[in-house]
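The values are calculated or read from the model by the stated rules, or taken from the named source; none is laboratory data. Predicted model only: the values in this text are computed from it and were never measured. Note that we place each Cβ from the backbone using ideal geometry, even for glycine, and neighbour counts take in every protein chain shown. Keep in mind that these areas ignore ligands, DNA and RNA; they rest on the heavy atoms of the full protein, side chains included. Shrake-Rupley method; radii C 1.70, N 1.55, O 1.52, S 1.80 Å.
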Amino acid sequence: MSDDAHKSGRERVPGRRRRRFPEISSRAYEHPADRSALVALRKLSGFDTVFKALSGLLPERSLRLLFLSDSVRVSDRQFAHLNDMLRDACYILDLEKVPPMYVTQDPRPNAMCIGLDEPIIVVTTGLVELLDEEEMRAVVGHEVGHALSGHSVYRTILLFLTSLALKVAWIPLGNLAITAIVTALREWFRKSELSADRAGLLVGQDLQASMRGLMKIAGGNHLHEMNVDAFLDQAEEYEAGGDLRDSVLKILNMLPRTHPFTTVRAAELKKWSETRDYQRIIDGHYPRRGEDKDTSVGDSFRESAASYAGHVKSSKDPLMKLVSDLAGGAGDLGGKVRRGFAGFSGHTPKDTPADAPDAPDASHDSHPDDEKPEGKN
């Protein structure tokens, strides 16, 4: 554990010491796109009006009472090992007020941090039963990272907008402003998950446990049938495989989701764990909360732009390569596009003459209406 005061003596809780990060700012682990997407979201036309309306109308007290009455609150007397992990995670990330945590009956592995006034953490029984102690510690750290970053407010707004909008007549679903806000929230939400994964690693300080947890969320409790390297190879194949058609389908598959794909999360976390930024945090060199007031919005945008530019430049995705070529002024882009989309009309690139018209629009390709159920944390 990170401190003797947090040791419970229970055999289920690992006893190794962990580094603590006093006064750590969430900027230390946040994905650059997470920070800038939130800034951009706040500037979105109509967001302030919708946010203020929802803040006053959302039944947050009802939500808290629901968990209090129909779930199990984590404490020294209930799910004590989770309580130890929660307190330890808050100690490591120096979150002064420990948020309430509940275990709710649901076979789907999931966890969330929600709340407008104060964050609350909820984990499902499916997740508790799926993960071992070290894997669960990373998940608890993940949710505490959301709390430290202040994500719970916007996650709650998204939860109500997407889950309850159909049942609430006064929300104009056809309104373009609402649609834009939901889309922007989902994009930010996905980036915020990458930030929270990093927080989970800072708390657990065990990369293999974080990898195992993500693999279990993707494939269930069959570790003897899975391999971390092979799992990461899937992310590499997903990133680099296919042609421009697959790139478009990736975007369409991602749009309705609130979480990045699990293999992508694993690859992103492993990549971050190998950076100098991560090692500097572990060594005790990181931004402090007292410095947050001096941060610049412009700097956040520049960091995000640099992050996206670096991603585009290094990406093996066919569409990202095309964008990179376009930015670099590469020739014969029209030919590359035709070859990339050749399969949409049923012929192969070698059947496409150099002077052939552009490939037909891909809108006739069907896209699943139902989102695949997600295991999230």
### Message
Need the failing condition index for residue 117 against (1) within 28 Å of residue 287 (Cα to Cα); (2) touching a residue at least 60 places away in the same chain (Cβ under 8 Å), just the number.
### Response
(2)
### Query
So which residues in segment 278-296 are modelled with pLDDT under 95, in a helix (DSSP H, G or I) and either open to solvent by 80 Å² or more (accessible area, probe 1.4 Å) or within 16 Å of residue 200 (Cβ to Cβ) (or both)?
291, 293, 294
### Task
Report, by residue number, each residue of segment 200-213 that is open to solvent by less than 10 Å² (accessible area, probe 1.4 Å) and over 18 Å from residue 29 (Cα atoms).
209, 213
#### Entry: Scan of segment 76-96 for residues that are open to solvent by 30 Å² or more (accessible area, probe 1.4 Å) and over 16 Å from residue 144 (Cα atoms), ordered by number
76, 77, 78, 79
### Query
Within segment 219-226, can one find any residue that is acidic (Asp, Glu), surrounded by fewer than 13 Cβ atoms within 10 Å (Cβ to Cβ) and either modelled with pLDDT of 90 or more or within 24 Å of residue 146 (Cβ to Cβ) (or both)?
yes
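Looking at 256, 260, which one is at pLDDT below 60, under 22 Å from the mean Cα position of the chain (by Cα) and not in a helix (DSSP H, G or I)? It would help to see each step written out before you state the result.
Details: 260 fails: at pLDDT below 60.
Exactly one of 256, 260 is at pLDDT below 60, under 22 Å from the mean Cα position of the chain (by Cα) and not in a helix (DSSP H, G or I), namely 256.
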### Message
Given the condition open to solvent by 50 Å² or more (accessible area, probe 1.4 Å), of a type in the set (Val, Ile, Thr) and either modelled with pLDDT of 95 or more or under 23 Å from residue 185 (Cα atoms) (or both), answer yes or no: does some residue in segment 305-314 qualify?
### Response
no
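Please specify each residue of segment 110-124 satisfying the condition of being under 15 Å from residue 140 (Cβ atoms) and open to solvent by less than 30 Å² (accessible area, probe 1.4 Å).
In the first step, residues of segment 110-124 are kept if they are under 15 Å from residue 140 (Cβ atoms); the result is 110-113, 119-124.
Those that are under 15 Å from residue 140 (Cβ atoms) and open to solvent by less than 30 Å² (accessible area, probe 1.4 Å): 111, 113, 120, 121, 122, 123, 124.
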### Query
Is there any pair with a first residue in segment 9-34 that is open to solvent by 20 Å² or more (accessible area, probe 1.4 Å) and a second that is of a type in the set (Val, Ile, Thr) and modelled with pLDDT of 90 or more whose Cβ atoms are under 8 Å apart and which are 6 or more apart or on different chains, and what are they?
19/92; 19/282; 20/92
### Every pair of residues 6+ apart whose Cβ atoms lie under 8 Å, when the first sits in segment 183-199 and is in contact (Cβ under 8 Å) with a residue 24 or more places away in the chain and more than 11 Å from residue 158 (Cβ to Cβ) while the second is basic (Lys, Arg) and buried (at least 21 other Cβ atoms within 10 Å of the Cβ)
193/265; 194/265; 197/265
